[in-house]
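Below is one structure, written out as structure tokens, with a few remarks after it.
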Protein chains: 2
Amino acid sequence: MKDIRQNELKAVSLPQLKEICDRLREEIFCTVSVCGGHLSSNLGVVELTVALHRVFDFPRDKIVFDVGHQCYAHKLLSGRRKQFQTLRKEGGISGFPKRSESEYDCYDTGHAGTAISAALGIAKARDLKREKFSVIAFVGDGSFNNGLVFEALNSLKILGTNVLIILNDNGMSISPTVGGTHDVLSELKEGNAVSDDVKLFERFGLSYEGVINGNDLDALLPALERAREQLNSTSVLLHVSTKKGLGYSFCEQAPLETHGVSPFGKRAEQSEYSAALGEELTALAANEKKIVAVTAAMTDSLGLRNFFQTYPERAFDVGICEEHASVLCAALAAEGMKPYYAIYSTFLQRAFDEIIHDVCGQNLPVTFCIDRAGITGADGETHQGIFDLSYLAMIPNLTVAVPKDIGEFRSMLRLSASFQKPLAIRYPRKGTDSTPKPVEIGKFEILHNTVSDVILFAAGENCIRLADELHTRALREEMDFTIVNARFLKPLDEELLASRKEKYVITLEDNVLIGGFGDAINRFYLNSGKQIANFGYKDAFIPHGEINSLSAKFGLNGEEIYRRIRDFYARG
Amino acid sequence: MKDIRQNELKAVSLPQLKEICDRLREEIFCTVSVCGGHLSSNLGVVELTVALHRVFDFPRDKIVFDVGHQCYAHKLLSGRRKQFQTLRKEGGISGFPKRSESEYDCYDTGHAGTAISAALGIAKARDLKREKFSVIAFVGDGSFNNGLVFEALNSLKILGTNVLIILNDNGMSISPTVGGTHDVLSELKEGNAVSDDVKLFERFGLSYEGVINGNDLDALLPALERAREQLNSTSVLLHVSTKKGLGYSFCEQAPLETHGVSPFGKRAEQSEYSAALGEELTALAANEKKIVAVTAAMTDSLGLRNFFQTYPERAFDVGICEEHASVLCAALAAEGMKPYYAIYSTFLQRAFDEIIHDVCGQNLPVTFCIDRAGITGADGETHQGIFDLSYLAMIPNLTVAVPKDIGEFRSMLRLSASFQKPLAIRYPRKGTDSTPKPVEIGKFEILHNTVSDVILFAAGENCIRLADELHTRALREEMDFTIVNARFLKPLDEELLASRKEKYVITLEDNVLIGGFGDAINRFYLNSGKQIANFGYKDAFIPHGEINSLSAKFGLNGEEIYRRIRDFYARG
């Protein structure tokens, strides 16, 4: 497929435009089948993106994609066709909008709900600079549950600037969209009660237009033309209905399973922590009626589908509302329930204040099951789970656990059932299963004990694996060192730490070094005379790429760590 | 005033009930005039609270106060009349609801927007436990702008449980309430367009009732009775209009100024950082048209009233929407503007994800002016600004500045105008003014240089003052040590740190020790052979009390630090 130029898109006939859509769809499908990526969300918005590029004048006009996993057609239409085959690969183009990649990407996204706020900021800056262009926020219906979207809508009149909000309604927010907002949107789609809701939108400063079939260029083009005109006098909400996965029947039928996909034909070799979460929690809930599970729109990928089906009365997917989910858990715990809040590491950042203010401030027994910790790979900066150890360690009353493998994760979950305080368990997506052995809060595990002057503390499975590899290599060179599974960042195993006589200490963590595990060890061994080397991620945002490669590049480099071990060993 | 018993409240005549209201109002006024506290917000809800206690059966029924600065009458009516004179004093009762204080307080609050989520969690737990009682969320109209409130409303139907939401509409959220939601509420208050909005509420699963005069017991009592009945079949939104400050004309006329007050007759001896922010920013904006200021409902107490009046087109109070404000600033900066986001330390926790994801992820020149850092005193746990150094230090691309006094704060602001990256400046409420001297990013200042084996690094005015006191005392005992103004937590002044030969290092910060300034110094001096002592706040929530007393109690104890200096000095 050759590059499609902007002016070509504006000049061609409608049938040719439809052909372009077909070609884009094919290109997206083929590339995602090789590179992995967000499939069904991108397939659904091809016509909408083509229509936007036909009617608007990018990059002079600006578009902000909420979350951003629907920007592939936009990338293909903005001079990135050639690079598109490098999608999500290290050094290749990102699966999300990136200012650093193209002037057609005016604002970086990744987390839900930011687009309208961002569009308002861009539009307000435009007004203040006395410039003229259109600003578009492209938002999925799933994000419309998010509090941040509401905060932005609330300030439309305060800011007094005009933006076009495209509400891309496919009824899904990875999981099917839920809640009151969804019901309002459904009514609108069914043509009911339009007048009430439309008036409501108007009171917020929005002219409502819809519902337009977003997969039909004949309907879309005039609607967008009208909206562009209206922007001279008001902000516009254009409600567009699209079919997620359109064009490929297996995507249309399974939009949830094909939302984000791995390269086709590749099978996972490791197990998933999420499966263990689902199994353990479902089993625990059979005996403990107080257990409830709460998710924020990612139920399946967190492993909880079966729990939700088995205990529907004790399972709540509240949509993309990470903050609300956290407060809800705190209150459930305040009334004697035993809530488990499962969420990805990066998304829990949204609930930082509520972890402090609601859960830990009241010392309530909420268990946070934090998936996708560490480097997650192909999604890049906005999806790496590399800050959690730091932002959790600083919170009073919180116990922070980092299992060494899936078996230990299972033990921690079993332990959690009778634990009466806030608990965070953080783990990567994939790992090794093992037979669960009892775990005690705040107790490390010595994995290999030897008489040597070097001791290595590793937090979490990725670091334990790296330690094992280094140890195997060291043994071949007739070096030996002690390896400790530092499975609690908080409380630390002070007894074990105080008892160790080794002069040289190495710490490993798949988290930024600032404020993490290494800092805690440094603090404990302050003035001890021990020589310490901390390995973890440096103070930087980590882009997309292959997990192991990125990990080495950003601070967990086996060669470098090995050199330090050898150096320490030689001095011992 | 003698204690009012629950059953008395239920038995007395309406005129007697009104008398009780008068007595409560007097009690609140007198106590606040001595202890300081939230005055006008509490005066406005006396009748509403009395009516709730008459109609509902606390503590069997549960009430969650959003934010919580309207719970004084509730405290007086729930067996805490005697302790009320200890309001906000160290060891006395809190100005906010506290589970640890009374069984009548079922959920702790302090930050805005949590009450409906919490009420839903409590109600859901009730249903699961097959218990029967009513759950009430008492929420001000200001909080109705907050995204968290919207997330909770969105999940009413998902959770399928019934709560009573009292919307206490006084038109204020400390600052006057703003935005689309406010306009909708205003229309309702004026009796317009009720049908549209009411239907909208119904679609979210709420029966709307209102508007009731919340200062009129004759109207309130039957309305609450009806609402209590309705709760059997639906959640209810009871829209109540109250007059902030009612009963004291100077409070009614100046609800903003009398929202939170100091003990009457006391005058501040120190200057306020907020005044300097207002002066500097207003002056800078005269020459730099790109400067804009954004606040989240606290414009006056952040010192920006004059800026907002002078540059209304470049000043945005978006209401209690900390997250939206952060994204808005990022987008304004992405389009070349120079945004300043002024906010209290504790409230910025709400925007943690957006600081990472939107501002620093895109490396955009947003300046965060973070007021009320460190221990803030009488408001207690939920208002201490003791986590910011830790949650900011871990974020890549962010420069973190900690001025030593108000003059230096002015210099930092002047410097910020040409700084092209994200910048956070954190400062306490009060401090000392001085002549601004030039400041360079990442450069410490040696305040006192001497030949000694002890060096002390202090971050921020509170710690600089403590260092000075210790130094004066040390000189009297013929000890001397070097004092460094560590005015940048990030980047550290690595050149200065590397050049210092002192064997003994002391760090002071008014922040939790975990992940803060001391940890950064420990990391820098790792394996240097230096002996280090870190002083800052221990890993605990700090309750209400007097700032200096709490500070000493929780980790910045002058005696303890002095002993360490003497010990170090003796060994040097």
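In nanometres and ascending order, the distances from the B:GLU8 label point to those of the other copies are 8.5 (point 7 Å from Cα along Cα→Cβ).
In plain terms, the bigger the Kirkwood radius, the slower the diffusion; for the stretch A:70-209, with that radius from Cα pairs, at 37 °C and 0.692 mPa s, Stokes-Einstein puts D at 198 µm²/s. For the stretch B:87-187, a crude dipole built from +1 on the beta carbon of Lys and Arg and -1 on the beta carbon of Asp and Glu, taken about the Cα centre, is about 460 debye to the nearest 20. FRET efficiency for the pair A:ASN527 and A:LEU475, taken as 1/(1 + (r/R0)^6) with r the Cβ-Cβ distance and R0 = 41 Å, rounds to 0.80.
Helix A:14-35 and the longest principal axis of the Cα set of chain A meet at an angle near 10°. Of the residues A:GLY442, A:VAL149, A:CYS321, the one whose Cα sits farthest towards the positive end of the charge dipole of the protein assembly as shown is A:GLY442 (charges of +1 on Lys and Arg Cβ, -1 on Asp and Glu Cβ, taken about the Cα centre). Taking Cα atoms only, the orientation of helix A:180-189 departs from the longest principal axis of chain A by about 30 degrees.
Shielding of peptide B:535-544 by partners, expressed as the average count of other chain Cβ atoms within 10 Å per residue Cβ, is 2.
Just the protein heavy atoms count here, and of the accessible area of the stretch B:91-172 at 1.4 Å, carbon and sulfur take up 43 percent. Per residue, chain B reaches -11000 deg cm²/dmol at 222 nm when only DSSP H runs of four or more residues are counted, each adding -39500 (n - 2.57). Using the 1.4 Å probe convention, the accessible area of the stretch A:502-562 works out to 30 Å² per residue with neighbouring protein chains retained. Of the residues B:ALA417, B:HIS38, A:ILE483, the one whose Cα sits farthest toward the positive end of the charge dipole of the protein assembly as shown, with +1 on the Cβ of Lys and Arg and -1 on the Cβ of Asp and Glu, is A:ILE483. Counting only protein heavy atoms and using a 1.4 Å probe, what share of the accessible area of the stretch A:459-572 belongs to carbon plus sulfur, as a whole percent? The computed percentage sits at 48. Per residue, the convex hull spanned by the Cα atoms of the protein assembly as shown measures out at 161 cubic angstrom. Site pair B:ASN7 and B:ALA570 shows an inter-label distance of 6.5 nm when each label is modelled 7 Å from Cα along Cα→Cβ. The contact residues of the stretch A:303-321, meaning those that lose at least 50 Å² of 1.4 Å-probe accessible area when all protein chains sit together rather than their chain alone, are A:PHE316. Considering only chain B, the C-beta nearest to the rotation axis that sends B to A is found at B:GLY147, 1, the distance in whole Å. Computed from point charges on the beta carbon alone (+1 for Lys and Arg, -1 for Asp and Glu), the dipole magnitude for the stretch A:437-518 about its Cα centre is near 100 Debye.
Output the relative contact order of the stretch A:454-572, whole-number percent, from Cα pairs under 8 angstrom with separation of 6+ residues. Relative contact order, the stretch A:454-572: 28 percent. Sketch the reach of a paramagnetic label on B:ALA540 as a point 7 Å from Cα along Cα-to-Cβ, and name the residues of the stretch A:349-377 whose backbone nitrogen lies under 18 Å away. In the stretch A:349-377, the label zone of B:ALA540 (backbone N under 18 Å from the point 7 Å along Cα→Cβ) covers A:360-364.
Taken across both chains, chains B and A shield about 8900 Å² of accessible surface from a 1.4 Å probe. Overall, the accessible surface of the stretch B:209-310 at a probe of 1.4 angstrom is composed of carbon and sulfur to the extent of 47 percent. Database remark: amide H of B:GLY95 closer than 5 angstrom to the amide H of B:ARG88 (H placed geometrically; neighbours at sequence offset of 5 or more, or on other chains; Pro and chain starts carry no H). Ranking B:ALA333, B:SER262, B:ALA227 by Cα position along the charge dipole of the stretch B:226-337, where only Lys, Arg, Asp and Glu carry charges on their C-beta atoms, puts B:ALA227 farthest toward the positive end. Taking amide hydrogens as placed 1.01 Å from N in the peptide plane, the amide H of B:ALA137 sits under 5 Å from those of B:VAL64, B:LEU164, B:ILE165, B:ILE166, each at least 5 positions away in sequence or on another chain.
The aspartates and glutamates whose alpha-carbon is closer than 12 Å to the alpha-carbon of B:LYS530, local same-chain residues fewer than 8 away aside, are B:ASP453, B:GLU502. Among the listed pairs A:LYS490/B:LYS124; A:LYS538/B:LYS538; A:LYS157/B:LYS199; A:LYS404/A:LYS501; A:LYS157/B:LYS490, those whose Cα-Cα separation exceeds 28 Å are A:LYS490/B:LYS124; A:LYS157/B:LYS490. Residues whose amide H lies under 5 Å from that of B:ILE291, counting only those 5 or more places away or on a different chain, are B:LYS338; hydrogens are built 1.01 Å from N in the peptide plane. Its Cα centre serving as origin, chain B has a Cβ charge dipole (Lys and Arg +1, Asp and Glu -1) of approximately 1040 debye. Helix A:322-334 and the longest principal axis of the C-alpha atoms of chain A enclose an angle of approximately 50°. Remark: the stretch A:312-465 carries 22 Å² of accessible area per residue (probe radius 1.4 Å; ligands, DNA and RNA excluded). Using protein chains only (no ligands, no nucleic acids) and a 1.4 Å probe, work out which residues of the stretch A:507-525 have their accessible area cut by at least 50 Å² relative to the chain alone. SASA drop of 50 Å² or more in the stretch A:507-525: A:ILE514, A:ASP519, A:ARG523. For the stretch A:139-186 versus the stretch A:207-226, the spacing of their alpha-carbon centroids is 18 Å.
Note on A:LYS75: lysines with a C-alpha under 16 Å away, same-chain residues under 8 apart excluded, are A:LYS2, A:LYS62, A:LYS89, A:LYS98. With a Förster radius of 35 Å applied to the beta-carbon distance between B:SER100 and A:LYS503, the computed FRET efficiency rounds to 0.15. Label points for B:GLU19 are taken 7 Å from Cα along Cα→Cβ. From this copy to the others they lie 9.2 nm apart, shortest first.
Here A:GLU560 yields copy-to-copy label distances, from shortest upward, of 3.6 nm, the label point defined as 7 Å from Cα along Cα to C-beta.
The values are calculated or read from the model by the stated rules, or taken from the named source; none is laboratory data. Nothing here was measured: the structure is a model prediction, and the numbers come from that model. Neighbour counts are summed over all protein chains in view; Cβ atoms, including those assigned to glycine, are modelled from backbone coordinates with ideal geometry. What goes into the accessible areas is simple: the full protein's heavy atoms, side chains included, and nothing from ligands, DNA or RNA. Shrake-Rupley method; radii C 1.70, N 1.55, O 1.52, S 1.80 Å.
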